[in-house]
Amino acid sequence: MDQDQEILTPFKERRSLWAAFLVAAAVLAAFAQAFAAADGEPVRRSILAGTWYPADPKELRATLGDYLQRATLPDSLPSTDSLVGIVSPHAGIRYSGAIAAYAYKVVQQSAFDTVVVLAPSHRVAFSGVSVHRRGPFETPLGRVPLDTELIEALLQADPDMRDLPEAHAQEHSLEIQLPFLQTVLPSFRLVPLVMGRLSWDTCERLAKALSALARSRRFLVVASTDLSHYHSEKEARILDERLLERLRRLEARELMEDMASGNCEACGAAPIVTLILYTRAIGAHDMRILKYGTSADVTGETNRVVGYAAAAVFKGSGARTEGSEAVPAAAPSSPSLSPEDKARLKNIARQTLAAKLFGTLPSPDLPLSELPMSLREPRGAFVTLKRHGQLRGCIGQIEARQPLAHTVSRMASAAAFQDPRFPPVTPEEWDDLELEISVLSPLEKLDDPTQVRVGTHGLVLRKGSRSGLLLPQVAVEQGWDRETFLRQTCRKAGLPPEAWRDPDTEIYIFTAEVF
């Protein structure tokens, strides 16, 4: 080290220490501002008033009242007495308030003494759940007291839960729900929960704790989330449609899988998954999507948008009462493909194979913006190749992870060149190849195995790390009844034949459109 470096090093160290001191001071100042004491009681002051929503109480009431008045709910909604939870966005009121109003209009027709808000952490990285328990929240509409009794009960029931002041100090996704709640509920107490990193175990434990407390207490659960971020309007709607379908079906694990594979996005994935698990645990099966939109509806800018949705879930609808007869499940449905859609998928599959076999044609270019909506929707599919009536290859993907057109292209290549039962297809076989495509419906989870319909449903059984699949036509070809179909699917998964009776075994059904 030369003399200049020796002189500069202490200066650099002092400068680094000074910078660290300034950061620490800024954090302490934020805490002091956010949790200022009033009348001897710590209060979590608003950090959004004047920016994310109006600071003037009259203006804020008028703004929210206008949104609520313009929100029109369908007449077919269940009784609001059965309401157990809502999903609401958390952008600035100007951007997502018109969407959030649909969820809060349902709440306006209900009565709740306590509201549990599940909000994602945007500024602090941590695992588990943080609960604020140091005094009320304050907005321009007044103070919201805490339900300390329910908070303490949750802390005892959920080992993942703790009090992290920094998680609440600057978090907008929880506070943005409060003015709407103060408008639609005359008085209520708050349980403010900020959720850290997305974890199945965390969501499951929190849902279990909430469902246990719901046996003796009635409260509303609010899941705070925005949807996809900063895609084009077209791409955002594709991603968000996928998430909303999972939400509508109350498919928590599938939603997490879609999040991991990039098929949908939500900054509040943990609150959504927790809400789904909670509602299932208490017997609520009726999730209604009330309104969807994007920031483009307000700004007019379609290049980079954020998606928003409002939803409400009700208890009772869809749940079987004791002694009621099981009704066979309807076939899981997706929009039927048109003849043009089927012809295009056949061309995509053939072009993919020709490009790999001969190298004279380019692989099909499949930009989403140029595909019809029916081929952009994520769908599972199988591609079967035959030669002179004999199987030559068959590979498929049961779960909807990619747009249908992309799935068919990938499965066509896999069936021709990656089926371990056969050697790769050669150019000499091209003229004799027959190609068949099976497009699958989304998987639908069954709680009651007696709802399986032989000849209509295909089956997927999962237990632990094992899973097995049989297509709908297999049971018909083999002459199986329902229980034999279930046993054979267990065997396909490497499970004991009666494993389908185990409560830990997950059963899914699907249908197939073959052409």
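The values are calculated or read from the model by the stated rules, or taken from the named source; none is laboratory data. Everything numeric here is computed off the predicted structure, so don't read it as measured data. Cβ coordinates were reconstructed from backbone atoms using ideal geometry, including for glycine residues, and neighbour counts include every protein chain displayed. Accessible surface areas use protein heavy atoms only, side chains included; no ligands, DNA or RNA. Shrake-Rupley method; radii C 1.70, N 1.55, O 1.52, S 1.80 Å.
Quick one: in the range 245-280, of everything that is small (Gly, Ala, Ser) and in a helix (DSSP H, G or I), which residue is surrounded by the most Cβ atoms within 10 Å (Cβ to Cβ)?
Here is the first cut: in the range 245-280, the ones small (Gly, Ala, Ser) are 252, 260-262, 266, 268-270.
So of that shortlist, the ones also in a helix (DSSP H, G or I) come out as 252, 260-261, 269-270.
On the way: Ala252: 24, Ala260: 11, Ser261: 13, Ala269: 22, Ala270: 29.
So, considering only residues that are small (Gly, Ala, Ser) and in a helix (DSSP H, G or I), the one surrounded by the most Cβ atoms within 10 Å (Cβ to Cβ) is Ala270.
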Output for Cβ contacts, cut-off 8 Å, separation at least six or different chains, first residue closer than 17 Å to His172 by Cα in the range 189-209, second open to solvent by 70 Å² or more (accessible area, probe 1.4 Å), reads Gly196/Ala125; Arg197/Ala125
On the given criteria, is Ala343 small (Gly, Ala, Ser), in a helix (DSSP H, G or I), at pLDDT 90 or above and open to solvent by 30 Å² or more (accessible area, probe 1.4 Å)?
yes
Cβ pairs under 9 Å, 6+ apart, first in the range 479-496 and free of Cβ contacts under 8 Å to residues at least 24 places away in the same chain and under 20 Å from Gly464 (Cα atoms), second open to solvent by less than 50 Å² (accessible area, probe 1.4 Å) and among the small types (Gly, Ala, Ser):
Arg487/Ala499; Gln488/Gly468; Gln488/Ala475; Arg491/Gly468
Pair list, Cβ under 6 Å, 6 or more apart: the range 111-130 residue touching a residue at least 40 places away in the same chain (Cβ under 8 Å), other residue surrounded by fewer than 22 Cβ atoms within 10 Å (Cβ to Cβ) and of a type in the set (S, T, N, Q)
Arg123/Gln170; Gly128/Thr202
The conditions are (1) surrounded by 16 or more Cβ atoms within 10 Å (Cβ to Cβ); (2) over 29 Å from Ala169 (Cα atoms); (3) modelled with pLDDT of 90 or more, and Gly300 fails exactly one of them. Which is it?
(1)
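Which residues, taken from the range 140-162, are within 25 Å of Phe180 (Cα to Cα) and either open to solvent by less than 10 Å² (accessible area, probe 1.4 Å) or in a loop (DSSP other than H, G, I, E, B) (or both)?
Of all residues in the range 140-162, those within 25 Å of Phe180 (Cα to Cα) come to 140-151, 154.
Listed by number, the residues that qualify are Pro140, Leu141, Val144, Pro145, Asp147, Leu150, Ile151, Leu154.
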Assigned to a loop (DSSP other than H, G, I, E, B) and free of Cβ contacts under 8 Å to residues at least 40 places away in the same chain, is that true of Thr63?
no
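Ala311: at pLDDT 85 or above, at negative phi, open to solvent by less than 30 Å² (accessible area, probe 1.4 Å) and among the hydrophobic types (A, V, I, L, M, F, W, C), yes or no?
Numbers: at pLDDT 85 or above: yes; at negative phi: yes; open to solvent by less than 30 Å² (accessible area, probe 1.4 Å): yes; among the hydrophobic types (A, V, I, L, M, F, W, C): yes.
Spelling it out, Ala311 is indeed at pLDDT 85 or above, at negative phi, open to solvent by less than 30 Å² (accessible area, probe 1.4 Å) and among the hydrophobic types (A, V, I, L, M, F, W, C).
Restricting to the range 63-103, name every residue that is in contact with a Gly (Cβ under 6 Å, 6 or more places away or on another chain) and more than 13 Å from Phe180 (Cβ to Cβ). Before you say what the answer is, go through the steps one by one.
Start the filter on the range 63-103 by keeping residues that are in contact with a Gly (Cβ under 6 Å, 6 or more places away or on another chain), which leaves 67, 82, 99.
Result: Ser82, single match.
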Qualifying positions in the range 55-80 - charged (D, E, K, R) and loosely packed, with under 12 Cβ neighbours inside 10 Å
Lys58, Arg70, Asp75
Kindly evaluate Leu83 against the criterion of being touching a Lys or Arg at 6+ places or on another chain (Cβ under 9 Å) and either modelled with pLDDT of 95 or more or among the small types (Gly, Ala, Ser) (or both).
yes
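Yes/no per residue for (1) in contact with a strand residue (DSSP E or B) (Cβ under 8 Å, 6 or more places away or on another chain); (2) aromatic (Phe, Trp, Tyr); (3) in contact (Cβ under 8 Å) with a residue 12 or more places away in the chain; (4) in a loop (DSSP other than H, G, I, E, B):
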site	(1), (2), (3), (4)
Ile348	no, no, yes, no
Phe382	yes, yes, yes, no
Ala412	yes, no, yes, no
Pro420	no, no, no, yes
Which condition from (1) touching a strand residue (DSSP E or B) at 6+ places or on another chain (Cβ under 9 Å); (2) free of Cβ contacts under 8 Å to residues at least 60 places away in the same chain; (3) more than 30 Å from Ala296 (Cβ to Cβ); (4) not basic (Lys, Arg) is the one that Gln156 breaks?
(1)
Go through (1) without any contact (Cβ under 8 Å) to a residue 24 or more places away in the chain; (2) open to solvent by less than 40 Å² (accessible area, probe 1.4 Å) one by one and return the number of the condition Ala499 breaks.
(1)
From the list Ala281, Ala296, which residue is in contact with a helix residue (DSSP H, G or I) (Cβ under 6 Å, 6 or more places away or on another chain) and under 22 Å from Asp160 (Cβ atoms)?
Ala281
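For Ala119, state whether it is open to solvent by less than 10 Å² (accessible area, probe 1.4 Å), under 28 Å from Ser199 (Cα atoms), in contact with a strand residue (DSSP E or B) (Cβ under 9 Å, 6 or more places away or on another chain) and outside any strand (DSSP E or B). Let's see the steps before the verdict.
On the way: open to solvent by less than 10 Å² (accessible area, probe 1.4 Å): yes; under 28 Å from Ser199 (Cα atoms): yes; in contact with a strand residue (DSSP E or B) (Cβ under 9 Å, 6 or more places away or on another chain): yes; outside any strand (DSSP E or B): no.
In short, no.
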